[in-house]
Amino acid sequence: MTQRRAILSGSVFEERIGYARAVVDGDWVHVSGTTGFDYARMTISEDVVEQAEQCLRNIGAALAEAGCSFADVVRVRYLLPEREDFEACWPVLRTCFAEVRPAATMMVCGLADPRMRIEIEVYARRGSGGGSLPLID
């Protein structure tokens, strides 16, 4: 029987909605759609690139707590309300995913809060990567 463990980030949304930032199920790590909120301050930048950077910091923290890194990511989904915002985020996204080359999808859709300009969701399999990749500073 596999062990299932929830990872919480401290976001008020986790409690209000009833979800976890990530769920570890055996070697699989499922990271929820993650926005650009700085959960320590509960603030969010107006800039989509800064939001993407914060998304990746939040995801990186969840992956680290799960015992893996961006090198273990096998699937990523990008959700944006404005299609035009995506290309500006590419350089930031490449810092985490260029070497890994996970399967990826970008979708244009509404997000829960109008301040949110990007949301990123990943799936990782612990131990599947070739080492650790740099975190976003």
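The values are calculated or read from the model by the stated rules, or taken from the named source; none is laboratory data. The structure presented is a predicted model; accordingly, all values stated were derived computationally and were not measured. Every residue, glycine among them, receives a Cβ derived from its backbone with ideal geometry; neighbour counts consider all protein chains shown. The area values use the complete protein model at the heavy-atom level, side chains included, leaving out ligands, DNA and RNA. Shrake-Rupley method; radii C 1.70, N 1.55, O 1.52, S 1.80 Å.
The table for this structure:
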quantity	calculated
Residues (closer than 20 Å to Val108 by Cβ and open to solvent by 60 Å² or more (accessible area, probe 1.4 Å)) located in the stretch 65-76	none
Residue among Val29, Val73 that is under 18 Å from Tyr123 (Cα atoms), modelled with pLDDT of 95 or more and under 11 Å from the mean Cα position of the chain (by Cα)	Val73
Residue pairs meeting the criteria (Cβ under 6 Å; at least 6 apart or on separate chains; first under 15 Å from Glu84 (Cα atoms), in the stretch 111-123; second at pLDDT 95 or above and in a loop (DSSP other than H, G, I, E, B))	Glu119/Leu111
Selected residue (criterion: farthest from Arg125 (Cα to Cα)) from residues of the stretch 13-26 that are assigned to a strand (DSSP E or B) and open to solvent by 20 Å² or more (accessible area, probe 1.4 Å)	Val23
Exclusive hit being in contact with a strand residue (DSSP E or B) (Cβ under 8 Å, 6 or more places away or on another chain) and surrounded by 14 or more Cβ atoms within 10 Å (Cβ to Cβ), set Ala103, Ala62	Ala62
